[in-house]
1. With bins 5 Å wide starting at 0, give me the P(r) of region 3-84 over every alpha carbon pair, in whole percents.
2. Can you compute 3J(HN,Hα) from phi for each residue in region 234-245, using the Karplus curve 6.51 cos²θ - 1.76 cosθ + 1.60 with θ = phi - 60°, rounded to whole Hz and x for Gly and Pro?
3. If amide H atoms are built 1.01 Å from N in the plane of the peptide, which residues on other chains or at least 5 residues away come under 5 Å of the amide H of residue 92?
4. Using a 1.4 angstrom probe, figure out how much accessible area region 184-315 has per residue, in square angstrom, rounded to the nearest whole.
5. If I model the chain as equal point scatterers sitting on the Cα atoms and use the Debye formula, what is log10 I(q)/I(0) at q = 0.09, 0.14 Å⁻¹?
6. Under Stokes-Einstein, with the Kirkwood radius over Cα pairs standing in for Rh, what whole-number D in µm²/s applies to region 128-211 at 20 °C and 1.002 mPa s?
7. Per residue of region 282-290, what does 6.51 cos²θ - 1.76 cosθ + 1.60 with θ = phi - 60° give for ³J(HN,Hα)? Whole Hz please, x for Gly and Pro, Karplus curve as stated.
8. Below 8 Å, C-alpha to C-alpha, sequence gap of six or more: please give me the relative contact order for the chain in percent.
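The values are calculated or read from the model by the stated rules, or taken from the named source; none is laboratory data. Here the structure is a predicted model, which means the values were calculated and not measured. Protein only, heavy atoms only, side chains kept; ligands, DNA and RNA dropped before computing areas. Shrake-Rupley method; radii C 1.70, N 1.55, O 1.52, S 1.80 Å.
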Amino acid sequence: MLKRYRLRNYDFKLIIMILALSIIGIVAIGSAKESLQTKQIFGVVAGFVLMITISFFDYNWVLKFYWLMYIFNLGLLLWVAFLGDAGGGAERWLEIGSFRFQPSELAKIILILFFAQFIMVHKEKLNTFRNMILCITFAAVPVLLILKQPDLSTSIIVIAVFCIVMYIGGLSYKIILGVLAVVIPVAVIFLSLVLQPDQELIEDYQRDRILAFINPEEYAMEEAYQQNNSVIAIGSGQLSGKGYKNNEISSVKNGNYILEPQTDFIFAVIGEEFGFQGSCVVVALLILIGIECLSVAAKAKDSAGRMIAAGMGSLVVIQGFFNIGVATFLLPNTGLPLPFVSYGLTSLMSLYIGMGFVLNVRLQYMR
């Protein structure tokens, strides 16, 4: 369970980058909604302690309980489905006393761990039809439960990370090309169907977000309103920004033109107050964390370690891309937090847990 490790093999570089991004988040949240800054500080401190603690646990020992983790994950998602706490038109939260958390955020980490072990155990038969169906089924059940909340954006992230983990685990190129040959036309057909006014495949508000992305002028005062204001905020920051907690009347944030700026649109606050320079720092840190995780994956001692590190790196980069893409109107509004930056203790703690396992993978590959 616990092993002796050499301190020189600890990935301090990854820790520094994660902490730097977290501190930027604390600062930005202090401007976006100061009342939540203390909670975010608590989340960062608690998450950091949890990450360091997990980093000293042998991930191979933890992965022995992969079926228990999977069942626990399904239990939480089923709990949400039947007794979830509603908010913003969706049931995505569980509330136990004063403690409120979002199981779908933890599901991202649990599924990475589960498939890392499941694929490693069955790696010799991964490319068989039976194992492909099993992997797809085990991924589909939690994805469908997340979709039911409804949470399309998180479902897309889970599917994307699942595909990357499968690829790292040794999925054949022939199968990948075959799947793409089917998925791409199906996705085009699906998109054309969901844009119809009488469709029932996705929620109406989700369809409106896609339409607002395609035709923002028509939805300028509706679904596209926040994204338009986000772009204005980021552009108004220019090179160096308007300054932290500025009191300019022209500030989009000060005028409350963006709802909940501490979560989905935290990048707009950073762009407006710290400008292009501050925005580049955030983007660079996200990319560097992803690269560092891939570097760990490349030298991991086994395939499970490779999948954990690559899965976590891809999760941070893909989710970061989606969040920033929404804030800059390059993508339809998805409602995903910016990793380590946006307010949301469940997301923050889950990411720290996942990075704890990456640190342990790093500790073990040079032993």
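1. In whole percents, the pair-distance histogram is 3, 12, 13, 14, 14, 17, 17, 8, 3, 0.
2. Taking θ as phi minus 60°, the curve returns 5, x, 5, x, 6, 6, 10, x, 8, x, 5, 6 Hz for region 234-245.
3. Close amide H contacts, sequence-distant or interchain: 85, 87.
4. Numbers: 6630 Å² over 132 residues.
That works out to 50 Å² for each residue.
5. -0.52, -1.27
6. Details: Rh = 14.4 Å.
D = 149 µm²/s.
7. Ordered by residue, 3J(HN,Hα) equals 5, 4, 4, 5, 4, 5, 5, 5, x Hz.
8. On the way: 520 pairs, mean separation 101.8, N = 367.
That works out to 28 percent.
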